[in-house]
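Read the structure below first, then the notes.
What follows is calculated from the coordinates using simple rules that are stated; it is not laboratory data. Keep in mind it's a predicted model, so treat the numbers as computed, not measured. Don't worry about glycine lacking a Cβ; one is built from the backbone with ideal geometry, like all the others, and counts go over all protein chains shown.
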Ligand code: SF4
């Protein structure tokens, strides 16, 4: 089964055209998906026939909240269950400039930073673009707080899940959907240098954050294995680029 939220607008349009549908349906369905509907029946401007056809081989991604913790300063941490039973966390934070959600991009993490609990069991799998999108959609729903900022700084290394993260960024910034401006999005990396260069080539004006944790190669080598592959000098050069 295909999760419709894993499609970009263009992919959705092609998918629908291949089903014999008019191109304008893509805009309607894309909007519904990003509004957080959980069933085809909620898509009231789509014919019953098309809804039934979609339900035959596609589904609308959804996240189930397993736990919600609220702190005194209004920060909310949510543990989500994914469709295969795995789980990830999102955190919603209130700032003067608006509400921000910190999203996870992988189940577990391969990077092995010595101070981080997310990497203890290694990487289990990448999140799909639709699952990352759902962290934004359902964090807003469950907290009732309008999300205006996103940081990709939760569980996982975003640049180790490059294709899905780029697709998520394309979708979240799409004017036909949720439409959060790239200036309001930060991506945090431990220093996956080749993909910093790739990201620069995408020409998306997001903010790049680097989790440095130490200012010398000697210390960084000890606590962040990624530094042995790409040291601080290479990392700074990539950031400047
Ligand atoms: S890259 Fe991030 S999530 Fe992965 S081990 Fe390092 S600090 Fe943890």
(message) So for segment 2-59, considering every pair of alpha-carbon atoms, how many percent are separated by more than 20 Å?
(response) 8 percent
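What shape does segment 28-153 take by its C-alpha gyration tensor, where a ≥ b ≥ c are the square roots of the eigenvalues and a/c under 1.5 counts as rounded, a/b above b/c as prolate, and the rest as oblate? Intermediate values should be presented prior to the final figure.
Details: a/c = 2.55, a/b = 1.46, b/c = 1.74.
Cα axes put segment 28-153 in the oblate bin.
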(request) Once you've got the GNM for the chain with C-alpha springs shorter than 10 Å, pick whichever of 119, 219, 75 has the biggest mean-square fluctuation. (result) 219
(message) Tell me the relative contact order for the chain as a rounded percent, counting alpha carbon contacts under 8 Å between residues six or more apart.
(response) 15 percent
(message) With angles folded into 0 to 90 degrees, how steeply does helix 162-172 sit against the dominant principal axis of the chain? Use alpha carbons for both and round to 10.
(response) 50 degrees
(message) Which of 34, 213 has the fewest other C-beta atoms within 10 Å, and how do the rest follow up to the most?
(response) 213, 34
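Among DSSP bridges having both ends in segment 54-154, what percentage is antiparallel? Round to the nearest 5. Intermediate results must be reported in sequence, preceding the final value.
On the way: 20 of 25 bridges.
The answer is about 80 percent antiparallel.
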(request) Express as a percent, rounded to the nearest 5, the fraction of DSSP beta bridges in the chain (both residues included) that run antiparallel. (result) 60 percent
(request) Note down the nm distance, to one decimal, between modelled labels 7 Å out along Cα→Cβ at residue 39 and at residue 142. (result) 2.1 nm
(request) Mind sorting 113, 100, 239 by how few other Cβ atoms lie within 10 Å of their own Cβ, fewest first? (result) 239, 113, 100
(request) Return the FRET efficiency for the residue pair residue 19, residue 86: r is the Cβ-Cβ distance, R0 is 35 Å, and the value is rounded to the nearest 0.05. (result) 0.70
(message) Expected output is a single nm value to one decimal: the length gained when fully extending between residue 71 and residue 239, i.e. 0.36 nm times separation in residues minus the C-alpha distance. What is it?
(response) 57.0 nm
(request) Please give the FRET efficiency for residue 201 paired with residue 48, using the beta carbon to beta carbon distance and R0 = 45 Å, rounded to the nearest 0.05. (result) 0.55
(message) Taking 8 Å as the Cα distance limit and 6 or more residues as the minimum spacing, I'd like the relative contact order of segment 2-59 as a percentage.
(response) 37 percent
(request) Among 80, 32, rank each residue by its count of other Cβ atoms within 10 Å, from fewest to most, as a rough exposure measure. (result) 32, 80
(message) Could you work out [θ]222 nm for the chain from helices alone, using -39500 (n - 2.57) per DSSP H run of at least four and dividing by all its residues? Round to the nearest 500 deg cm²/dmol.
(response) -10500 deg cm²/dmol
